[in-house]
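Read the structure below first, then the notes.
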Amino acid sequence: MLNILIVDDEELFRVMLAEMVHREGYQARMAANGNEALHAISQQPPNLIITDILMPEKDGIELIAELSKRGSRIPIVAISGGRRTISTEFNLESACLMGVRATLPKPFTREALRRAIADALAP
């Protein structure tokens, strides 16, 4: 069974996303920010990472950059709802430039999540 690491600073969203992932037949672990994600990855590397872009401490872009620097080949799906001063599109385009396999603007449907996971895991 594939293991997905969900990284998002909003606890309610993390739990909801983990439930969606479970319903698709995957295992899910959760982290509240990039630092927690790096620790979780060092303990047990996941098959896929779904990460928010804007988070406190270490954000999604910093997490993606750190994993790239370490030579990680773990596929990543970047998600973002944007903020007042930074658009969702800018966040997701930045993540694409860094090599993420799929992106999802918040809010998204279960079908969109299913497609993003499939895209990210495709060879």
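Is there a residue in region 31-46 that is part of a loop (DSSP other than H, G, I, E, B), surrounded by fewer than 18 Cβ atoms within 10 Å (Cβ to Cβ) and not small (Gly, Ala, Ser)? The answer is yes, given that some residue of region 31-46 is part of a loop (DSSP other than H, G, I, E, B), surrounded by fewer than 18 Cβ atoms within 10 Å (Cβ to Cβ) and not small (Gly, Ala, Ser). Residues considered: Pro105, Pro45, Pro56. Of these, the only one that is of a type outside the set (S, T, N, Q), within 13 Å of the chain's Cα centre (by Cα) and on the phi < 0 side of the Ramachandran plot is Pro105.
Give the residue that is farthest from Met98 (Cα to Cα), with candidates limited to residues of region 48-71 that are surrounded by fewer than 16 Cβ atoms within 10 Å (Cβ to Cβ) and out of contact with any helix residue (DSSP H, G or I) (no Cβ under 6 Å at 6 or more places or on another chain). In this case the residue turns out to be Pro56.
A single entry from Thr51, Thr109 fulfils the requirement of being in contact with a Leu (Cβ under 7 Å, 6 or more places away or on another chain), under 19 Å from Ala28 (Cα atoms) and not aliphatic (A, V, I, L, M): Thr51.
Thr103 meets each of the listed conditions (1) without any contact (Cβ under 8 Å) to a residue 40 or more places away in the chain; (2) surrounded by fewer than 18 Cβ atoms within 10 Å (Cβ to Cβ); (3) in contact with a strand residue (DSSP E or B) (Cβ under 6 Å, 6 or more places away or on another chain) apart from (2).
Checked against (1) surrounded by 22 or more Cβ atoms within 10 Å (Cβ to Cβ); (2) touching a residue at least 40 places away in the same chain (Cβ under 8 Å), Arg23 passes all but a single condition, namely (1). Are any of the residues in region 14-27 outside any loop (DSSP other than H, G, I, E, B), within 14 Å of the chain's Cα centre (by Cα) and acidic (Asp, Glu)? No: zero hits. Residues that are under 12 Å from the mean Cα position of the chain (by Cα) and not β-branched (Val, Ile, Thr) within region 63-78 comprise Leu63, Pro75, Ala78, listed in sequence order. Please indicate, with yes or no, whether at least one residue in region 71-90 is modelled with pLDDT of 85 or more, of a type outside the set (Asp, Glu) and on the phi > 0 side of the Ramachandran plot. Within region 71-90, one or more residues are modelled with pLDDT of 85 or more, of a type outside the set (Asp, Glu) and on the phi > 0 side of the Ramachandran plot.
The values are calculated or read from the model by the stated rules, or taken from the named source; none is laboratory data. Source: prediction; values computed, not measured. A quick note on method: Cβ atoms are made from the backbone with ideal geometry, for glycine too, and the neighbour counts reach across all protein chains shown.
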